[in-house]
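Note sheet for the following structure.
The values are calculated or read from the model by the stated rules, or taken from the named source; none is laboratory data. This one's a predicted model, so the numbers in the text were calculated from it and none came from an experiment. We place every Cβ from the backbone using ideal geometry, glycine too, and count neighbours over all the protein chains shown.
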Amino acid sequence: MAEQKHNNVHVEDAVSKSEAFFIKNKKQLIIALIAILVIVGAIIAHKHLYADPREANAQKALFRGQDLFAQDAYVQAINGDSVGYIGFIEIADQYSGTKAANLAKAYTGLSYAKLGEFEKALTYLNDFKGNDQMISASVMGAAGNCYAELGQLDKATDKLMNAADKANSNAISPIFLQQAGEIFVKQGKYADAIKAFTQIKNKYFQSYQAMNIDKYIEQAELLKK
């Protein structure tokens, strides 16, 4: 009983000290609470009143560009048209920081690549920042092909091999691996070519590329001797 009374005294003392602290610092605590509420409110307001509508507008603009890209109208997709569409470059600039703007960079790079302007394409493809496994890998692979077109073969194979690894996909990884393998053969790097081709054979054996990959492996092995 004495122990319980002793514990009660400690509890009452702690409560008393807490009340005293609150009374003493009441003004500062209220100010701090208001500041926290203002910050949280500002974040919520920014998201709903600025960020979300801005993203929606960017996506709307991007949709028209994607349609032009699908029609092979790459110049208009990049630069815009005369009926209100501002173009991928302007979307990336005007809506900087949005997901749509980031995707517009990828489309700009792909469009320039389709037009054979590979250096311009690389400027935008390498500026793209994405976490999506397939999209990021596809953009990386496209950059690899641009480097190949410019004769920068080491950069090309590096991009293509990394793209295949990042995608880890039966749909696109074998494509990048075969492209890398063929460049390795061109460079005389037959062991690297065999490694790339063999990865298709062993890991992506259900892919279209795997159907004829033995021929590529045999050719690389003959050249290696």
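Here Phe128 meets the list (1) part of a helix (DSSP H, G or I); (2) crowded, with 21+ Cβ neighbours inside 10 Å; (3) touching a Lys or Arg at 6+ places or on another chain (Cβ under 7 Å) almost entirely, failing just condition (1). One residue alone among Gly151, Gly181 is small (Gly, Ala, Ser) and free of Cβ contacts under 8 Å to residues at least 12 places away in the same chain, and that residue is Gly151. Kindly indicate whether any position in segment 152-165 is under 23 Å from Gly65 (Cβ atoms), among the aliphatic types (A, V, I, L, M), out of contact with any Pro (no Cβ under 6 Å at 6 or more places or on another chain) and modelled with pLDDT of 95 or more. No.
Taking every residue in segment 52-77 that is crowded, with 19+ Cβ neighbours inside 10 Å and pairing it with any residue that is of a type in the set (Asp, Glu) and not in a helix (DSSP H, G or I), at least 6 positions away or on another chain, the pairs with Cβ-Cβ distances below 8 Å are Leu68/Asp81. Considering segment 202-225, and only residues there that are surrounded by 17 or more Cβ atoms within 10 Å (Cβ to Cβ) and closer than 21 Å to Ser138 by Cα, the residue that is farthest from the chain's Cα centre (by Cα) turns out to be Ala210. The single residue among Asn168, Asn126 that is at positive phi, within 19 Å of the chain's Cα centre (by Cα) and without any contact (Cβ under 8 Å) to a residue 40 or more places away in the chain turns out to be Asn168. From Gly151, Gly141, Gly97, which residue is loosely packed, with under 15 Cβ neighbours inside 10 Å and in the same structural domain as Val185 (by TED's automatic domain parsing)? Result: Gly151 is the single residue among Gly151, Gly141, Gly97 that is loosely packed, with under 15 Cβ neighbours inside 10 Å and in the same structural domain as Val185 (by TED's automatic domain parsing). Could you tell me whether Ala142 is under 19 Å from the mean Cα position of the chain (by Cα) and under 20 Å from Ile78 (Cβ atoms)? Yes, satisfied. Is there a residue in segment 101-110 that is assigned to a loop (DSSP other than H, G, I, E, B) and in contact with a Lys or Arg (Cβ under 8 Å, 6 or more places away or on another chain)? Scanning segment 101-110, I find no residue that is assigned to a loop (DSSP other than H, G, I, E, B) and in contact with a Lys or Arg (Cβ under 8 Å, 6 or more places away or on another chain), so the answer is no.
So that you can scan it fast, the table gives a plain yes or no per residue for (1) small (Gly, Ala, Ser); (2) surrounded by fewer than 22 Cβ atoms within 10 Å (Cβ to Cβ); (3) modelled with pLDDT of 90 or more:
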{"position": "Gly80", "(1), (2), (3)": "yes, yes, yes"}
{"position": "Val83", "(1), (2), (3)": "no, yes, no"}
{"position": "Asn102", "(1), (2), (3)": "no, yes, yes"}
{"position": "Leu115", "(1), (2), (3)": "no, yes, yes"}
{"position": "Asp132", "(1), (2), (3)": "no, yes, no"}
